[in-house]
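One structure below.
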Amino acid sequence: MEQNLSQYKIFYEVAKAGNISKAAKELYISQPAISKSISKLEGNLGVSLFTRNSRGVQLTEEGKLLFIHTKSAFEALAQGEQELKRIKDFHIGHLRIGVSNTLCKYILLPYLKGFIEKYPHIKITIESQSTAQTVTMLEQQRIDLGLIAEPSNRRPLSFTPVMEIQDSFVATKSYLDNLYLREGKDADLFQTGNILLLDRNNMTRKYIDEYLNENQIVPNQILEVTTMDMLIEFAKIGMGIGCVIKDFVQNELDQKKLILVPVKTEIQKRTVGFAYNSGTMSTAMENFFDAMKVEIKRS
């Protein structure tokens, strides 16, 4: 567009009013300034846009054609402003979150509850998937947030911590009693017991494998499970010794449905939080983090 937008705005208001003095009042500028702007626009376009008469001005054929387009343009701008105001007033937006099933159930859901109560008009999309897939989607900017364990190398992602989690080995008392009865009270639990672990594609499993290697622990019999929930349930019915996130079985530990299996070296805690691309904080994301801070204070 070669002409100044303000010239088209003045033309549009004059064409609507059919009178320069009325347009001047609407635009809060002088009549001479309007006349000068119209003359300049006509000169630049090389056509006459108005004919003058005693009652005001009337559009020429060329003016009528231009008015159709300016009317459409300014109505579109007005609609855009209304939509932006609506988004601001109702906190409308779209938040795309990537998270594993386990972290979604035990960590994300409580934050989402408070967030939805405060911002009911924000659309939320949950991508339930592995942590590796979540990181990939973040790097490709296909999601806004990823709830993950803090990676050792998180460039170019920013990371906001939420909580620390502790991986531990647990079993039922009856399973351990029967194991010691069968194998002897000095039995090596990792050599004689059934060790329940997540499958090898899981980031938690990779973390546990590193721990086992560093501490020269070689389980003799491993049962792989695809989800943390299933692993916990298998441990609760006495299928073996499960490596679970302690925070997620605290109720079972308090109720003695599960007991901690002692190890010489505790598994180092991990930090779980929200990862996102630096410099891409949308209003919906800002609102989410504000709501999250409130939930953290409550807990």
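The values are calculated or read from the model by the stated rules, or taken from the named source; none is laboratory data. Nothing here was measured: the structure is a model prediction, and the numbers come from that model. Cβ sites come from the backbone with ideal geometry, for glycine too, and all protein chains shown count toward neighbours.
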| remark: In the range 214-234, anything under 18 Å from residue 246 (Cβ atoms) and either among the aromatic types (Phe, Trp, Tyr) or part of a strand (DSSP E or B) (or both) is listed as 225, 234
| query | If you check 108, 145, 95, which single one turns out to be closer than 27 Å to residue 206 by Cβ, touching a residue at least 60 places away in the same chain (Cβ under 8 Å) and out of contact with any Cys (no Cβ under 9 Å at 6 or more places or on another chain)? | reply | 145
| Identity of the residue in the range 1-12, in a helix (DSSP H, G or I) and either at pLDDT 90 or above or touching a Ser or Thr at 6+ places or on another chain (Cβ under 9 Å) (or both), that ends up nearest to residue 72 (Cα to Cα) | 12
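A quick yes/no check of all residues on (1) out of contact with any Asp or Glu (no Cβ under 6 Å at 6 or more places or on another chain); (2) of a type in the set (D, E, K, R); (3) modelled with pLDDT under 95:
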{"residue": "195", "(1), (2), (3)": "yes, no, no"}
{"residue": "204", "(1), (2), (3)": "yes, no, yes"}
{"residue": "209", "(1), (2), (3)": "yes, yes, no"}
{"residue": "218", "(1), (2), (3)": "yes, no, yes"}
{"residue": "224", "(1), (2), (3)": "no, yes, no"}
{"residue": "228", "(1), (2), (3)": "yes, no, yes"}
{"residue": "231", "(1), (2), (3)": "yes, no, no"}
{"residue": "242", "(1), (2), (3)": "yes, no, no"}
| said: Take the conditions closer than 17 Å to residue 55 by Cα, surrounded by 19 or more Cβ atoms within 10 Å (Cβ to Cβ) and in contact with a strand residue (DSSP E or B) (Cβ under 8 Å, 6 or more places away or on another chain) and apply them to residue 24. Does it pass? | reply: no
| request: Report yes if residue 48 is over 48 Å from the mean Cα position of the chain (by Cα) and part of a loop (DSSP other than H, G, I, E, B), otherwise no. | output: yes
| remark: Flagged in the range 252-282 as in contact with a Lys or Arg (Cβ under 8 Å, 6 or more places away or on another chain) and of a type outside the set (Gly, Ala, Ser), in numbering order, are 252, 253, 256, 257, 258, 259, 260
| Considering residues of the range 30-58 that are surrounded by 15 or more Cβ atoms within 10 Å (Cβ to Cβ) and out of contact with any Gly (no Cβ under 8 Å at 6 or more places or on another chain) only, the residue farthest from residue 73 (Cα to Cα) | 35
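Just one of 61, 75, 117, 83 is outside the structural domain of residue 248 (by TED's automatic domain parsing) and modelled with pLDDT of 90 or more; which is it?
Working: 75 fails: modelled with pLDDT of 90 or more; 117 fails: modelled with pLDDT of 90 or more; 83 fails: modelled with pLDDT of 90 or more.
So the residue among 61, 75, 117, 83 that is outside the structural domain of residue 248 (by TED's automatic domain parsing) and modelled with pLDDT of 90 or more is 61.
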| Are any residues in the range 191-207 assigned to a helix (DSSP H, G or I) and surrounded by fewer than 19 Cβ atoms within 10 Å (Cβ to Cβ), and if so, which ones? | 191, 192, 203, 205, 206, 207
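Regarding the range 226-235, can at least one residue be identified that is exposed (fewer than 13 other Cβ atoms within 10 Å of the Cβ), within 30 Å of residue 139 (Cα to Cα) and polar (S, T, N, Q)?
yes
So which residues in the range 18-42 are hydrophobic (A, V, I, L, M, F, W, C) and either outside the structural domain of residue 54 (by TED's automatic domain parsing) or in contact (Cβ under 8 Å) with a residue 24 or more places away in the chain (or both)? Full working, then the answer.
To start, the set of residues in the range 18-42 that are hydrophobic (A, V, I, L, M, F, W, C) comprises 20, 23-24, 27, 29, 33-34, 38, 41.
Scanning the range 18-42 gives 20, 34, 38, 41.
Only one of these is at pLDDT 90 or above, of a type in the set (Asp, Glu) and over 13 Å from the mean Cα position of the chain (by Cα): 164, 127. Name it. Spell out how you get there, then give the answer.
On the way: 127 fails: over 13 Å from the mean Cα position of the chain (by Cα).
Checking each option against the conditions leaves just 164.
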| remark: Restricted to the range 105-156 and to residues being touching a helix residue (DSSP H, G or I) at 6+ places or on another chain (Cβ under 9 Å) and polar (S, T, N, Q), the residue surrounded by the fewest Cβ atoms within 10 Å (Cβ to Cβ) is 128
